[in-house]
Amino acid sequence: MTITKTLSSISTATLMKRLRKVCIKPVADRRCNCRDKQGRLKKLYASPSEAADTASTRMDVTQKWLKIYECPEKLGWHITSNIFQW
Ligand SMILES: [Zn+2]
């Protein structure tokens, strides 16, 4: 991962912009009805490795634990910040 190396040299705003571009790729044509605590539709990832990549990058930034799990509707994978209960 080269992202940890560049973390210190670029601003947070630039980093977030870059993360959004590179890592957060919602699955365009497949949608499930899973929602987060705020009632927003959860982002769906096509594969566990894609979700894990995004989760680990976000954990580097936020210093919070994240967990990936398979969508109950079997349409893909999700990330949650609630590691005890989905
Ligand atoms: Zn889902």
### region 67-86, subset under 17 Å from Arg35 (Cβ atoms) and away from the ligand (no atom under 15 Å from the Cβ), residue modelled with the lowest pLDDT
Gln85
### Query
Would you pick out the residues in region 35-86 that are of a type in the set (A, V, I, L, M) and under 12 Å from the mean Cα position of the chain (by Cα)?
Leu44, Ala46, Ala51, Ala52, Ala55, Met59, Val61, Leu66, Ile68, Ile79
### Query
If you take the residues of region 54-65 that are buried (at least 18 other Cβ atoms within 10 Å of the Cβ) and of a type outside the set (Gly, Ala, Ser), which of them is farthest from the ligand (Cβ to nearest atom)?
Thr57
### Task
Would you check if Pro26 is modelled with pLDDT of 95 or more and either loosely packed, with under 14 Cβ neighbours inside 10 Å or of a type outside the set (S, T, N, Q) (or both)?
no
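The values are calculated or read from the model by the stated rules, or taken from the named source; none is laboratory data. Predicted model, so just to flag it, every value in this text is computed and none were measured. Neighbour counts run over all protein chains shown; Cβ positions are idealised from the backbone, glycine included.
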